[in-house]
Each structure stands twice: as structure tokens, then as C-alpha cells.
Amino acid sequence: MHIVNVALHEIFQALSDPYRIRIIRLMLESKSELCLCELSDALEEPEYKLSRHVKILKNSGLIDSVREGKWIYHSLVTDEKYLKLLHKAVSVFPDSANQLARDFARFQKRLNIREAGRCRQPSRVIDEKQKVRR
């Protein structure tokens, strides 16, 4: 379930961060539900960092989430005309730093390890705090 009555400025605030744009672009590319660990591996960022961004996107009504056991899958909300227009705008912006191409390459590798079309593997990204402890 997504929030229908979201102020326009909240949507644009949600889209004002590069990580959130990258998350939206990956979701547009995948056309399926994604878990946080898949996003983490694709963006090479720890899950705790991306979790905050996913929450902002969800609160703005741009994405929705569904729980399957211990896994939570996130997907784009597409049932509003203005959201389809926003998705189109986000998807056509140029990738001047070639960042999205690198994200997509890592993302495709990550999707290839799905089991029965679903994520069943934890993220391989380890944040700096965890590296120090090991």
C-alpha cells in the first residue's frame, strides 16, 4: 500500500539524493521486486545506509514494500499517471559519470544468483565498521 496524497515537494525531496535516483533507476531496469541486499550489492553500499533511502522513497509514495518471510521486497509504485511520468523523466536523464552503467552491471550479476526468481542470499557488501571488527 502506498501513500496517495503526498505533497509534490515531498516527492521531489525524495528524488533529490543521488542514491535514491540510483535506486529508482535500478528498479526501473529490473521491472521486478528487489530486496535491500540486492540493492546493497549493486550500489556497493551497506544495507543500513540504503535502508534509510528506501524508507524515504516509501514515505514519499514512490515505492512499496511487501514481506515474504524474513525478506522484504521493494518495487516501484506505478498506478498513478504522475508516477509514470516521473519514472520516464528519471530514466531518460544522461549517465554522465557512467555510474549507472556500473550499477547495472553489478545488479545483473546479483540478479543471476536468485533462486526461483527471488533473493535468498545476504548482501556481500561489508561496511567499514564490520571490517575493523574482523
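Every read-out reported here was derived from the displayed coordinates using simple, explicitly stated rules and does not represent laboratory data. Not measured: the values here are computed from a predicted model. Please note: Cβ atoms are built from the backbone with ideal geometry, for glycine as well, and neighbour counts cover all protein chains shown.
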request  = Pop out the ³J(HN,Hα) list for segment 9-22 in order, Karplus 6.51 cos²θ - 1.76 cosθ + 1.60 with θ = phi - 60°, rounded to Hz; leave Gly and Pro as x.
outcome  = 5, 5, 5, 5, 5, 4, 8, 7, 10, x, 5, 5, 5, 4
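If R0 is 22 Å, what FRET efficiency do you get for residue 5 and residue 68 from their C-beta distance, rounded to 0.05? Before the final figure, lay out the partial values.
Working: r = 28 Å, r/R0 = 1.27.
The computed FRET efficiency comes out at 0.20.
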ask   = Residues with amide H under 5 Å of residue 35's amide H, sequence separation 5 or more or different chain, H placed in the peptide plane at 1.01 Å from N; which?
value = 74
Positive-end residue of 26, 119, 50, charge dipole of the chain with Cβ unit charges = 119
query = With contacts defined as alpha carbon pairs under 8 Å and 6 or more residues apart, what's the relative contact order of the chain in percent?
reply = 33
ask   = How much length is gained if the chain between residue 52 and residue 109 is pulled fully straight, taking 0.36 nm per residue apart and subtracting their Cα-Cα distance, in nm to one decimal?
value = 18.1 nm
task = Calculate the dipole size of the chain relative to its Cα centre from +1 charges on Lys and Arg beta carbons and -1 charges on Asp and Glu beta carbons; express the result in debye to the nearest 20.
result = 420
Inter-label distance for residue 97 and residue 80, nm, one decimal - labels placed 7 Å from Cα along Cα-to-Cβ = 2.8
